[in-house]
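Student: One structure, pasted below without further comment.
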2 protein chains.
Amino acid sequence: MSDDCAEKTVETELEIEGRKVKVRAQMERQLPPWGKTTLVGKSLRRVDGPDKVTGAARYTHDVQLPGMLYGKVLRSPHARARVAELGLSAAAKLPGVLAVLGPGDVRGVRLGGREVLSAEASYAGEEIAALAATDEETAEEALSLIRVRWEPLPHVLEPEDAMAPGAPALQPGGNVLGGGFGPQTPGKPEVYERGDAPAALEAAEVTLERIYETPAAQHACLETHGAVAAWDGDGLTVWESTQGVFFVRSALCEALGLPASRVRVLCPFMGGGFGSKNSADRYTLLAALLARRSGRPVRMVLSRREDFEAGAYRPASRQQLAIGLTRRGRIVALTSRAVNPVGSALEGHYFGSCVGPVQDFYSCANVRTENYAILTSSPPPSAFRAPGHVQGAFALEQLVDEAADELGLDPVRLRLANLSANDPDSGLPYASNGLASCLRLGAKAIGWDSRKPPRTKTGRFRSGLGVAIATWGAGGGPPAVAQIVLHEDGSVVVLTGACDLGTGTRTVMTQIAAEELGVAVSAVLVANGDTRTTPYCLPSFGSLTVASTGPAVRLAAAEVKRQLLDAASPILGAPASSLLVMRGKVRHAVTGKSVAVASIAASLPARMIVGTSQRGPNPDGVVLASFSAQFAQVEVDCRFGTVRVKRFVSAHDCGRVLNPATWSSQIQGGVLQGIGYALLEQRTRDPGTGRQLNAGLLDYKIPTVLDSPPEIEVIDAAPPYPANNIGAKGSGEPPIIPVAAAIANAVANATGRRLRTAPITPARLLAALSAEP
Amino acid sequence: MSDDCAEKTVETELEIEGRKVKVRAQMERQLPPWGKTTLVGKSLRRVDGPDKVTGAARYTHDVQLPGMLYGKVLRSPHARARVAELGLSAAAKLPGVLAVLGPGDVRGVRLGGREVLSAEASYAGEEIAALAATDEETAEEALSLIRVRWEPLPHVLEPEDAMAPGAPALQPGGNVLGGGFGPQTPGKPEVYERGDAPAALEAAEVTLERIYETPAAQHACLETHGAVAAWDGDGLTVWESTQGVFFVRSALCEALGLPASRVRVLCPFMGGGFGSKNSADRYTLLAALLARRSGRPVRMVLSRREDFEAGAYRPASRQQLAIGLTRRGRIVALTSRAVNPVGSALEGHYFGSCVGPVQDFYSCANVRTENYAILTSSPPPSAFRAPGHVQGAFALEQLVDEAADELGLDPVRLRLANLSANDPDSGLPYASNGLASCLRLGAKAIGWDSRKPPRTKTGRFRSGLGVAIATWGAGGGPPAVAQIVLHEDGSVVVLTGACDLGTGTRTVMTQIAAEELGVAVSAVLVANGDTRTTPYCLPSFGSLTVASTGPAVRLAAAEVKRQLLDAASPILGAPASSLLVMRGKVRHAVTGKSVAVASIAASLPARMIVGTSQRGPNPDGVVLASFSAQFAQVEVDCRFGTVRVKRFVSAHDCGRVLNPATWSSQIQGGVLQGIGYALLEQRTRDPGTGRQLNAGLLDYKIPTVLDSPPEIEVIDAAPPYPANNIGAKGSGEPPIIPVAAAIANAVANATGRRLRTAPITPARLLAALSAEP
């Protein structure tokens, strides 16, 4: 039951209650890398595939509880308006309605600094009132009985309007904020600087300055946001479609004043998050509040329209970039001035920084970025797969191509020439870096050598090749704890707080545990996403799940194995060091004498072996990142302005690939999402009301299988990665980062026209084609 | 996350796969006893009281799942009969019926060695077919549509008939078995012998030989037996009203061929077990099988009638005892020949040995017992609170009183003179023994000195005093594991596999954890009874829960505290040994400098502290037992033959009393159950059909509050108990053991008539009163 005694400890400095103190963190013995593996690295089928296909897998949307009510929310139809009067009584009297809440009923219940129901709407779709009824139809009818007298207030949707003199101030400090995490100085951008970029630009042999624009894009998860809340006495249980049960719990505890022990958040299965489901949202709290008020469980699941209108999104950007180079193609200066419209609030909402790629893609001594967050009358944005980097790469990776054109250099060679062996920001070396391999292998796979300049292309259908790269911090790290229980019959349960967003976490953790323990995959069950019974875990965000939880699972398995071999040693009459576990038996390495794992477990006083281990901290003095180079071959229909991606090659360094099948799915999904971002997706709103015009999958176009190239070729270009015990880095976010830029570069290569605004719609492409080149 | 490194290991010899091997068991550092306690020893109110009173506590009977079906069982109306034809099709065709199972559908699914549905009934009430329907009424109607052609077989209900020559053989080896656990020799009793009892009896100055009879008594739990089963893919979740979720899991895994990891058994709350709910029963398996067949969850909850008819019971006994003494009252010989009718099967059914008290209550060098188990056409019995000892004490403790009468000695003095400092069987010393104190303090409390001989009593209402004692092995022991999680806000969850039968386990474990950790009771939540998420635990039987799980909880709390103080040490700039936890803060013992527990937990890389510890083995060379002496004052109504218990004193040595309130409830409940056994309860059956005549609470009389004396005085007579780290022994079973004998002895003291058959009904008492004395 105990961990290995030979722990390393590391010291970190923390500020605790105002004191700076050194805190010793235990660090489990890091294991040596695996030699030959039998399960890790194999394309094991998803262990939860059958459950998903048969419907046995229960998502939050599937949760049904006896007496469960259906919660609905009244949302503002105005982009900005005060609630002068709110009449809830007719709704409350409707038979079947068991709880109605207005802002006055939930005063002081706050999420991200704001009241959970608002008496002043700051965007169309904001939550004003909520109710719960015995069925959805009654709840809808009751919503229609709520009487609101609105006092409209002036609103502003576009950042330029919000920054203009005389614009209505959406917050007391004004509408202009810095775009980062740090303390805000109203009116000032967040500035990053290394070297002297303005001077270097001035002195550069070649300079280019361009403006790029990206749209507000929405996550459109297969499963919309939703929660089911049920009270047992003073204890609250919440099923939430979330990436992180512990973040949901923290938010609920803070908002409702409950101890962590009394709040149980569960998410065994969920249908996509992409950064939009990192914590609780207002609907979660409203479900809990309505459940408390009514004494019944309450299901609050957003409709697709609500999920779009009041849900999360990647904010739009307007990025003014400049690059300075030598004639031979050495980048000497980079600047970016970026504007991000961030809706009605910044507090508690992370949307990423689109200036990141300018700072960290290339070796460049002189960099300056200015990043603005502009308040508008929109819902707040959220993280969305590689937040910031997707927008930033669209700009930077086109600018680099434009510079290559200007200099008459090959875009792949120009990139190779400017890659950095060290992290350009900190100057520290990368723990591993396969970016050059990604470029070389990807270029070979796509047939880069056959790439021809646009002037050689004529006719209605023109083909082009494009490239773009990505760097993404994806090393994970603590907190990452796993617990493994070997039961009396030799079956194994892996307990992890990690939510499986559909990426295959359960499958990969099964492989890691089975590999290390020496048991069959079928003997292992992963039980995950339950704050009551699984160890603490960060949300599945930041490409960290494999790199954080994976090493913890391996350590926990090793700890279980250690106890198992210790217990087997007297039975086999041999030292534990001479024993190994193979196919469910502990076996003497030489004599072959063996005893079943189940027999050992059943013989122990505790009847089970429990191993709990936490992943050690990452090594000092190195930077951990995943890398990608992607290549698109497009065909432009010059008559209709449509772009078809004919081939796509996605080359990655994310360390060891634990499961090629789930990994390829992850990459291909990211590429497809990037294709949508490049060609299809943008939130559009009515300027008069601020209401979204395409709040549904009929009007908001995400790519279908018809928009996909026949094949998305995935290449593993990873050198060995020594920084954790499984040798793997994250690969959740890298696949989407360069896609749109690669496609835009391919379109430019096909047509000679530079499309600097995403998405590259037929209207924009036709306009560009009809303009002078 | 790791346990203390300073583990002790102990070696035990086990037989594993045919080899005898020494197995090292880790033994956590045993903690020194508590000094002054602030929470342990206090009458903390039940922590789950509010949930139980408000209905928030969810019992198995309360489980409702969407789509859940109601399962029902067709039972044999015959005491012994073959199913010649079984017509299930009409039932299967009834709308609303979604699954029907007959013996042929579940062939090979076995429990306790027998098929789960039987094509040959061996008792009235045996399971023949099962079905599940959308509601109970439809299920009942469907049962009535099942057509059975029965071929009755000869049955036998009474053990004398079953033992008689020419009796129908209920099993191939005949109807006579030994009454113990060991290998059976058909026709032979289980024999225990020390010294030479026949010779010592022969030589004794005084000998008495008497026959005592006890009835089949039923558990009559507030919550009847029941289970709800639901499949998720190939995983099975079962809510069961059980004393032991892990035993239920093992039975399900074995019967259904499932790995332990895929079967989750839950029992957060349950309404009484008393030994009848130690594992899965046929209804559990039928619920699982019907759920698999129908693809829907199935609730299978026994009606009160089924709970009586096919449920568990304490077997009747016929005990022929002899005692030999010196004239001065020294017991020199004891023999018992006991016959226990055990229904249709012995395999897998533990009913206890009624010869135990003869072996272990008194210091006596010459003891011989013969114990028979006799097959009859009845359901199998089960453990029932102090199995065997209740029957045995009824006999032995009356015989000792009869001997005292014969010798003209005081029954308390006679007992005191024959107590043993060592366990009479093994000769090893008891770790602690307060039996003499129990006798002395109890005698004082009841006013024993005022006891008068029966000849002094006249008139319709006659009062009498009686005494009886008990010894019960109640030291618990491994396996006993607990896990404690300190969450990021300082709240604490105690994870234990132990089921709380209503005895207060949750409350007492809260006290132990809060005491050791130095946090408030309100900060602690006990999450229990879940095979997926709590450590392994034996069922709550054998009076072991406090003595087994309690020390494990204290060790786990100490482990959490150790990690907490280690983490606090650098923050407070002081060695961990100088720190203590008080009221949610870690405090320097001298300077008073402090930091909140929550701050420390939140600062740790793992965001929580997890302590997992297992209770060490019991010390060698000593015997662990609880002791009790009980005193009844009765008033006999000689006109109607009724007995009223006017006062009752129950004195106990079960080590440290952790919570006087829950402990007293436990004792009082045991005494009341004993009063029922003494005066009211007996299963009665129709000899022709074998069907029970009183299968319901209207006809099967358990005591009500009107049958209770106004007060049941509970006395703690425990000396310090050093054998585990909480100083507590078990007290679940001792309270019932001597009750019936104490009452019978009091009736004899009141009337001069010896009632050797329980229950002491008015008919029996009036018959005794009208007979010659």
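The values are calculated or read from the model by the stated rules, or taken from the named source; none is laboratory data. Just so we're clear, the structure is a prediction, and the values are computed from it rather than from any experiment. Counting neighbours? That spans all protein chains shown, and the Cβs are built from the backbone with ideal geometry, glycine included. Accessible surface areas use protein heavy atoms only, side chains included; no ligands, DNA or RNA. Shrake-Rupley method; radii C 1.70, N 1.55, O 1.52, S 1.80 Å.
To keep it simple, each residue is scored yes or no on (1) within 21 Å of A:C654 (Cα to Cα); (2) in contact with a Ser or Thr (Cβ under 8 Å, 6 or more places away or on another chain).
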{"position": "A:E402", "(1), (2)": "no, no"}
{"position": "A:A417", "(1), (2)": "no, no"}
{"position": "A:A445", "(1), (2)": "yes, no"}
{"position": "A:G459", "(1), (2)": "no, no"}
{"position": "A:S463", "(1), (2)": "no, no"}
{"position": "A:A470", "(1), (2)": "yes, yes"}
{"position": "A:R506", "(1), (2)": "yes, no"}
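Student: At the interface with another protein chain (Cβ under 8 Å from one of its Cβ atoms), open to solvent by 10 Å² or more (accessible area, probe 1.4 Å), touching a strand residue (DSSP E or B) at 6+ places or on another chain (Cβ under 8 Å) and closer than 29 Å to A:G244 by Cα, is that true of A:A523?
Tutor: Answer is yes for this residue.
Student: Of these, B:V636, B:V705, B:V714, which one is under 24 Å from B:A750 (Cβ atoms) and without any contact (Cβ under 8 Å) to a residue 60 or more places away in the chain?
Tutor: B:V705
Student: From the list B:V546, B:V595, pick out the single residue that is buried (at least 24 other Cβ atoms within 10 Å of the Cβ), more than 24 Å from A:T531 (Cα to Cα) and in contact (Cβ under 8 Å) with a residue 12 or more places away in the chain.
Tutor: Answer to the selection: B:V546.
Student: For segment B:653-683, how many residues meet the condition of being farther than 18 Å from B:A717 by Cβ and assigned to a loop (DSSP other than H, G, I, E, B)?
Tutor: Residues that pass the stated criteria total 4.
Student: Residue under question is B:L555, and the condition is that it be crowded, with 21+ Cβ neighbours inside 10 Å and either farther than 15 Å from B:G497 by Cβ or in contact with a helix residue (DSSP H, G or I) (Cβ under 8 Å, 6 or more places away or on another chain) (or both); does it hold?
Tutor: In short, yes.
Student: Can you give me the number of residues within segment A:423-459 that are within 19 Å of A:I743 (Cβ to Cβ), exposed (fewer than 14 other Cβ atoms within 10 Å of the Cβ) and not small (G, A, S)?
Tutor: Adding up the residues that qualify gives 2.
Student: Which one of B:A421, B:A383 is within 26 Å of the chain's Cα centre (by Cα) and hydrophobic (A, V, I, L, M, F, W, C)?
Tutor: B:A383
Student: How many residues does segment A:628-663 hold that are open to solvent by 10 Å² or more (accessible area, probe 1.4 Å), touching a Leu at 6+ places or on another chain (Cβ under 7 Å) and of a type in the set (S, T, N, Q)?
Tutor: Count: 1.
Student: In addition: From the residues in segment A:245-280 that are touching a strand residue (DSSP E or B) at 6+ places or on another chain (Cβ under 7 Å) and not hydrophobic (A, V, I, L, M, F, W, C), which one is surrounded by the fewest Cβ atoms within 10 Å (Cβ to Cβ)?
Tutor: Once the filter is applied, the top-ranked residue is A:G271.
Student: Moving on to the next point. For segment A:580-610, give me each residue that is under 30 Å from B:F247 (Cβ atoms), among the β-branched types (V, I, T) and more than 8 Å from chain B (Cβ to nearest Cβ).
Tutor: Correct list: A:V581, A:V586, A:V597, A:I609.
Student: Checking the structure you have, find out if any residue of segment A:407-416 is touching a strand residue (DSSP E or B) at 6+ places or on another chain (Cβ under 9 Å), basic (K, R) and closer than 26 Å to A:G727 by Cα.
Tutor: For segment A:407-416, residues touching a strand residue (DSSP E or B) at 6+ places or on another chain (Cβ under 9 Å), basic (K, R) and closer than 26 Å to A:G727 by Cα: absent.
Student: So, in segment B:456-502, how many residues would count as being more than 9 Å from every other protein chain (Cβ to nearest Cβ), of a type in the set (G, A, S) and either more than 23 Å from the chain's Cα centre (by Cα) or outside any strand (DSSP E or B) (or both)?
Tutor: The number of residues fulfilling the criteria is 11.
Student: Conditions first: (1) within 13 Å of chain A (Cβ to nearest Cβ); (2) open to solvent by 10 Å² or more (accessible area, probe 1.4 Å). B:T510 passes all but one, so which condition is the exception?
Tutor: B:T510 satisfies all of (1) within 13 Å of chain A (Cβ to nearest Cβ); (2) open to solvent by 10 Å² or more (accessible area, probe 1.4 Å) except (2).
Student: Of everything in segment B:756-773, what is open to solvent by less than 10 Å² (accessible area, probe 1.4 Å) and either polar (S, T, N, Q) or not in a helix (DSSP H, G or I) (or both)? Give them in sequence order.
Tutor: B:A758, B:P759, B:I760
Student: Here's a follow-up. Restricting attention to segment A:354-379, which residues are open to solvent by 10 Å² or more (accessible area, probe 1.4 Å) and either in contact with an Asp or Glu (Cβ under 7 Å, 6 or more places away or on another chain) or acidic (D, E) (or both)?
Tutor: Answer for segment A:354-379, where residues must be open to solvent by 10 Å² or more (accessible area, probe 1.4 Å) and either in contact with an Asp or Glu (Cβ under 7 Å, 6 or more places away or on another chain) or acidic (D, E) (or both): A:Q359, A:D360, A:N366, A:R368, A:E370.
Student: Could I ask something else about it? Mind telling me which of the residues A:S628, A:S577, A:S650, A:S613 ends up being of a type in the set (S, T, Y), free of Cβ contacts under 8 Å to residues at least 60 places away in the same chain and either away from every other protein chain (no Cβ under 11 Å) or in a strand (DSSP E or B) (or both)?
Tutor: A:S577
Student: I'd like the residue in segment B:224-233 that is over 21 Å from B:A527 (Cβ atoms) and either open to solvent by less than 10 Å² (accessible area, probe 1.4 Å) or part of a loop (DSSP other than H, G, I, E, B) (or both) and, out of all such residues, is nearest to the other protein chains (Cβ to nearest Cβ).
Tutor: Once the filter is applied, the top-ranked residue is B:G233.
Student: Within segment B:87-114, take every residue that is part of a strand (DSSP E or B), open to solvent by 50 Å² or more (accessible area, probe 1.4 Å) and not hydrophobic (A, V, I, L, M, F, W, C) and give me the one that is farthest from B:A291 (Cα to Cα).
Tutor: Among those that are part of a strand (DSSP E or B), open to solvent by 50 Å² or more (accessible area, probe 1.4 Å) and not hydrophobic (A, V, I, L, M, F, W, C), it is B:R114.
Student: Among the listed residues B:L258, B:L236, identify the single one that is assigned to a loop (DSSP other than H, G, I, E, B) and within 14 Å of another protein chain (Cβ to nearest Cβ).
Tutor: From the options B:L258, B:L236, the qualifying one is B:L258.
Student: Taking the condition of being open to solvent by 50 Å² or more (accessible area, probe 1.4 Å) and more than 13 Å from chain B (Cβ to nearest Cβ), how many residues in segment A:36-60 meet it?
Tutor: Residues meeting the conditions: 5.
Student: Name the residues in segment B:295-352 that are among the small types (G, A, S), at pLDDT below 95 and farther than 30 Å from B:A99 by Cβ, would you?
Tutor: Within segment B:295-352, B:G352 is the sole residue that qualifies.
Student: Now for a different question. Scan segment A:352-374 residue by residue and report those that are under 23 Å from the mean Cα position of the chain (by Cα) and touching a residue at least 40 places away in the same chain (Cβ under 8 Å).
Tutor: Correct list: A:S353, A:C354, A:V355, A:P357, A:Q359, A:D360, A:F361, A:N371, A:Y372, A:A373, A:I374.
Student: Only one of A:G730, A:G688, A:G696 is free of Cβ contacts under 8 Å to residues at least 60 places away in the same chain and in a loop (DSSP other than H, G, I, E, B); which?
Tutor: Testing whether each residue is free of Cβ contacts under 8 Å to residues at least 60 places away in the same chain and in a loop (DSSP other than H, G, I, E, B) leaves just A:G688.
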